[in-house]
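The values are calculated or read from the model by the stated rules, or taken from the named source; none is laboratory data. Because the structure is predicted, anything quoted here is derived from the model rather than measured. Heads up, the Cβs are rebuilt from the backbone with ideal geometry, glycines too, and the neighbour counts pull from every protein chain shown.
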Amino acid sequence: MAGIGFELKKVVNRGGIFSISQVVFSGAIIVAGPWMISILNITFAQQFLNDFLAGNSEYLIETMVYSYALSLVIFGGFHYPFTRMLSDMIYEKKEKEAFVQTIFFSIIIGGVSFILCRFLLSFLEIPLERPGLYRFSAALFFSAVNVLWIMMLFVSVLKWFYKICLSYAAGAAATQIFIKVLPAETGMEWVILAFALGQIIIILLLLLFSQNEYPGGKERSLKPLFKYLKKYRIMFFIGLFYNAGLWIDKMIFWIFRGTSNGGTILPLYSAYDTTVYLANLAVIPGLIYFVTATETNFYILLKKFLFSLRSSIYRDITIKKYRLMNRAKKDLIDQSLIQAVLMIILILLSPVIAEQLIRSTTPLILNLSISAGFFYLIFLTCLNFHFYLEAYRDAAWVCFIFFGINLSTAIVTVAFPAIPPGAGYILACGISAVYSYYSLKKNIRFLDRKIFINAGAVD
Amino acid sequence: MSDKKISVCIVLEGSYPYITGGVSAWVQDLIQNLPEIDFKLFTISPEIDQPLRYELPENVVEHRDIVLNKNKKNRDLKKKQKKSLILAMVDFHKKLFSGSSNPIKSIMESYPEEYYPYRDSIKNNNAWQLLTDANRMNNPLYPFSDYFWAWQSAHYMMFTVLGAPAPEADIYHAVSTGYAGMAAMAAKIRHRKTLLLTEHGLYHKEREMEIRKTRMIHGYQRDMWTRMYTRISRICYDNSDRIISLFEENRQKQIALGAEESRTEVIPNGIDIPRFSVKHEKREGFHVGLVGRVVPIKDIKTFIITAKTVIDRIPESIFYCIGPTDEDPGYYEDCKLLVKSLKIEDKFLFTGRANVLEYYNFLDVLLLTSVREAQPLVILEAYCGMVPVVSTRVGNVAELLNFDERFLASSRDAEKLASSILYIHDHPEEMKKITAENFQRVKDRYDIKLLHSTYLKLYRKMAGRSEE
């Protein structure tokens, strides 16, 4: 995302309130677009469709939540080596080939996810009038979410953030139109289908933009894709543990504390779920700072360091290396300060938010989630920099620790009800933040050595 | 007395059985004439599947080739073992740089075969610190990457030879210091056998000459490489049980570099005297030959220029370049162009591979224009054929020519070489006396049978079988 960051940096550098607003808005879309739109969709569904659908919105909420969660946990691992392939192809100016591979990958993931979801749903009893339609719509929605993640990977690498905004807006509008057009008032199955179709509209728009820009790619085999999946299989584990780490505590609570409201199929734990979703939106300001400043500065200094390896004396190489480390630390501190200020404000407002906005939660759970967001941002930043340094093995360990702590603390929380939900998540984020920071420092310290070892690459 | 034959593992770098030349011919001759010894070859090659230039005798029972620059499967060692070994190497290098006494034996005893610690050494903090400190000390103003690649190049080859599994043998016989010497040393220590080192030339001196000539290596890197080769030679001397040189001057140089005098010995080259004792028959004209490969080290261009000078004075002269022309095609083309440009094509012949005996029997002079030699056998061969010799003053040539300045010249001194040839032409009676003396000297000191028996005794002694 450094590319987008540089674009936004240019806008900020123009100065003025308008430029800053533009960056804030665009940055929010870029860093949290899909997630944010999903949260907004879920929130909209919860808040406004409830009356419309005579209180049956839980099916929609469950379907959406489980779709997003499982799409990331099951297939999220593949996104990382796929993104690596896209980045390499686009760097080599092979955008057409990248687009073709995106289509292939989307077809595979879309197909597999549809079949998998449909298969799993066949074991569940669906207490709706049209269970077959529900199963189909849910599977279609799940499949669409998975394909959309992949399309987003492609368009994000190309920096089309305005086209992304347009597509999402169109998709949201299309969803509402479909709800009106389909006999939604007769059952949730139709609403879910409308949402699924809305996602498909987004996909089609992104495909259209891509096809216009990069028609006629010649690559007709999956070889590049499989080559990257094999070569960068460690990245699969990064994705797997990262996404599983994000969702495992919620899943544990769904199983042990969740309720299926109104005779629905899949349990949710709304006291915690919604809190976390909205608390995660609170990291957007920090993420915008990350994209426009932290990441771009890191990229610039990393590039200078890499150039110095080729032709500088050792003293200069060392200076540039430590400059990179110190700047990363400074930007991380600045970013964390911005996030800390927001965190404090939200914590102070948490009683009001809990009462007015998220009625199912408590201020304590909200505060824990907001605080976890602070550490999560540090963890995410440091993890991101591991990718720049190609420290994939260490990144995998960082994510594994995140997953492991979140899993174990979630289990402990379930066993000891006095521990509030979110306590484990904040611990996982906190420890992962610290570990990932020290891992990053270590990797920067040994970066010159690592590059020379790999460049030599004779054994 | 043991029934089992003594096995000798000959360790070679860039020569036999892939490259023709004096050393290769010497090795082939030694193996062929000691059928009571089982020989194993342990060769170091730059590339895989090089064609053999010699038919291996029957008593070569094993041949193992180490190919540098080929990826090798690394043995798995425990982390603790790796760390301990690398720290020992770091300590060894520090002592080496400071000039302290530094036995490598203890490192080699814990250095297993098929372990190539290149990556592990860079990953180790102490080793990396050593590398960067050395760079700061020796090379503070040059790009670090240059230094690193030079280090990598040298040490990768070093690790390759040290880790290569050698054939089992009673004696390891290295035919040079350098990487062959190191490989032999590693094998000797691992297998607890003895190490015999025979130096035809002085490896570190030869490398130094090459380094100084090449444009690819410059500035501090020249010193770095030169120092490294000198240190390798010293390590080989320290760990060799016997150190053989071909002539006294080289033995003194070995001692000067640190070889223990009591372990050193001179065993000169030898030739098959009956074979080379051809009847010399005067042929019309004046015939001057150079026996050697058409390669820069033989300096054929100086030979050609010398030929021009002599031909201008003695029009009936004919010059023969007797030796393979296919080793350096580019240089051969240059030489042909030079011959053409000097307009002596009808008086200067490239014979290619030939039976040298057919030439010794009528040559009036053997000319050697090499820029580097050890103890050239061609001089001894010429003496057997009663052919007088003129040569550049390299290696042991001066001693072979009895230090007679009339027939010696500096490298590339075509004028002096020509005047020596002319002297021979102008003093036939004197030359008869001198060639007779030369032949007697060959019979007294350079008989190949003496060489074979000396080495056989040496092998038996080193294998603990002196009573055989």
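Residues of segment B:345-375 that are within 12 Å of B:I318 (Cβ to Cβ) and touching a Lys or Arg at 6+ places or on another chain (Cβ under 6 Å): B:F362 alone.
Looking at B:M157, B:M209, just one residue is under 18 Å from the mean Cα position of the chain (by Cα), surrounded by fewer than 21 Cβ atoms within 10 Å (Cβ to Cβ) and touching a residue at least 60 places away in the same chain (Cβ under 8 Å), and that residue is B:M209. The set of residues in segment B:411-468 being surrounded by fewer than 13 Cβ atoms within 10 Å (Cβ to Cβ), acidic (D, E) and part of a helix (DSSP H, G or I) consists of B:E415, B:D426, B:E429, B:E437, B:D444. Of the helices (runs of 4 or more DSSP H) entirely within segment A:370-459, those holding at least 3 residues that are aromatic (F, W, Y) occupy A:392-415, A:423-445. If I filter segment A:284-303 for residues that are within 14 Å of chain B (Cβ to nearest Cβ) and modelled with pLDDT of 90 or more, do I get at least one hit? No, segment A:284-303 contains no residue that is within 14 Å of chain B (Cβ to nearest Cβ) and modelled with pLDDT of 90 or more. Here B:G219, B:G201 are screened, and the one residue that is at pLDDT below 90 and under 26 Å from B:G21 (Cβ atoms) is B:G201.
Looking for something over 26 Å from B:Y18 (Cβ atoms), at pLDDT 95 or above and in a loop (DSSP other than H, G, I, E, B) - is there at least one such residue anywhere in segment B:328-338? No, segment B:328-338 has no match at all. If the condition is being among the charged types (D, E, K, R), surrounded by fewer than 18 Cβ atoms within 10 Å (Cβ to Cβ) and either within 13 Å of chain B (Cβ to nearest Cβ) or closer than 12 Å to A:F379 by Cα (or both), then segment A:415-448 contributes A:K442, A:R445. When residues in segment B:345-370 are screened for being under 19 Å from B:T309 (Cβ atoms) and in contact (Cβ under 8 Å) with a residue 60 or more places away in the chain, 8 of them pass. Residue selection: B:T20 fails the criterion of being under 21 Å from B:G178 (Cα atoms) and without any contact (Cβ under 8 Å) to a residue 40 or more places away in the chain. Between B:P117, B:P103, the distinction of being over 27 Å from A:D316 (Cβ atoms), more than 10 Å from every other protein chain (Cβ to nearest Cβ) and touching a helix residue (DSSP H, G or I) at 6+ places or on another chain (Cβ under 8 Å) belongs to B:P103 only.
Matching residues to (1) basic (K, R); (2) in contact (Cβ under 8 Å) with a residue 12 or more places away in the chain; (3) crowded, with 20+ Cβ neighbours inside 10 Å:
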residue	(1), (2), (3)
B:I243	no, yes, yes
B:R263	yes, yes, no
B:H280	no, yes, no
B:I300	no, yes, yes
B:F303	no, yes, yes
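Screening the candidates B:Y142, B:Y54, B:Y111 for the property of being on the phi < 0 side of the Ramachandran plot, part of a loop (DSSP other than H, G, I, E, B), within 11 Å of chain A (Cβ to nearest Cβ) and in contact (Cβ under 8 Å) with a residue 24 or more places away in the chain yields one hit, B:Y142. Considering B:N269, B:N250, the condition of being buried (at least 19 other Cβ atoms within 10 Å of the Cβ) and out of contact with any helix residue (DSSP H, G or I) (no Cβ under 9 Å at 6 or more places or on another chain) is satisfied by B:N250 alone. Screening A:F253 with (1) more than 29 Å from A:L349 (Cα to Cα); (2) under 23 Å from the mean Cα position of the chain (by Cα) gives one miss only, at (1).
When B:R136 is tested against (1) assigned to a helix (DSSP H, G or I); (2) more than 8 Å from chain A (Cβ to nearest Cβ); (3) exposed (fewer than 15 other Cβ atoms within 10 Å of the Cβ), exactly one condition is not met: (2). Of the set (1) more than 24 Å from the chain's Cα centre (by Cα); (2) within 14 Å of chain B (Cβ to nearest Cβ); (3) not small (G, A, S), all apply to A:L364 but (2). If you go through segment B:26-45, how many residues are closer than 24 Å to B:V67 by Cβ, in contact with a Ser or Thr (Cβ under 8 Å, 6 or more places away or on another chain) and of a type in the set (A, V, I, L, M, F, W, C)? Looking only at that region, the number is 2. The residue list B:R445, B:R441, B:R460, B:R393 contains one member that is within 26 Å of B:D272 (Cα to Cα), within 19 Å of the chain's Cα centre (by Cα) and basic (K, R), which is B:R393. Considering segment B:145-154, the residues that are facing chain A (nearest Cβ under 7 Å) and not hydroxyl-bearing (S, T, Y) include one that is farthest from the chain's Cα centre (by Cα), namely B:F148. Using beta carbons and a limit of 7 Å, which pairs, at least six apart or on different chains, have the first residue in segment B:308-326 and of a type in the set (D, E) and the second one in a strand (DSSP E or B) and buried (at least 20 other Cβ atoms within 10 Å of the Cβ)? The qualifying pairs are B:E316/B:F286.
The condition (being on the phi < 0 side of the Ramachandran plot, of a type outside the set (G, A, S) and surrounded by fewer than 18 Cβ atoms within 10 Å (Cβ to Cβ)) is satisfied by just one residue among B:D346, B:D364: B:D346.
Consider B:R372 carefully, then state whether it is modelled with pLDDT under 95, assigned to a loop (DSSP other than H, G, I, E, B) and touching a strand residue (DSSP E or B) at 6+ places or on another chain (Cβ under 8 Å). Taking the combined requirement at face value, the residue does not satisfy it.
Restricting attention to segment A:342-369 and to residues that are assigned to a loop (DSSP other than H, G, I, E, B) and either touching a helix residue (DSSP H, G or I) at 6+ places or on another chain (Cβ under 8 Å) or buried (at least 23 other Cβ atoms within 10 Å of the Cβ) (or both), the residue that is modelled with the highest pLDDT turns out to be A:T362.
Among the residues of segment B:61-92, those identified as surrounded by 13 or more Cβ atoms within 10 Å (Cβ to Cβ) and of a type in the set (D, E) are B:E62, B:D65, B:D91.
Against the conditions (1) of a type outside the set (G, A, S); (2) within 15 Å of B:S176 (Cβ to Cβ); (3) not in a helix (DSSP H, G or I), where does B:L30 fall short? Just the number, please. Going through (1) of a type outside the set (G, A, S); (2) within 15 Å of B:S176 (Cβ to Cβ); (3) not in a helix (DSSP H, G or I) one by one, B:L30 breaks only (3). Listed conditions (1) within 10 Å of chain A (Cβ to nearest Cβ); (2) outside any helix (DSSP H, G or I); (3) of a type outside the set (V, I, T) are all met by B:W128, apart from (2).
Filtered by the rule that a residue be part of a loop (DSSP other than H, G, I, E, B) and of a type in the set (V, I, T), segment B:172-202 gives B:V175, B:T177.
Results for (1) of a type outside the set (A, V, I, L, M); (2) part of a loop (DSSP other than H, G, I, E, B); (3) under 20 Å from the mean Cα position of the chain (by Cα); (4) more than 14 Å from chain A (Cβ to nearest Cβ), shown as yes or no for each residue.
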residue	(1), (2), (3), (4)
B:C9	yes, no, yes, yes
B:S15	yes, yes, yes, yes
B:I44	no, no, yes, yes
B:K80	yes, no, no, yes
B:L85	no, no, no, yes
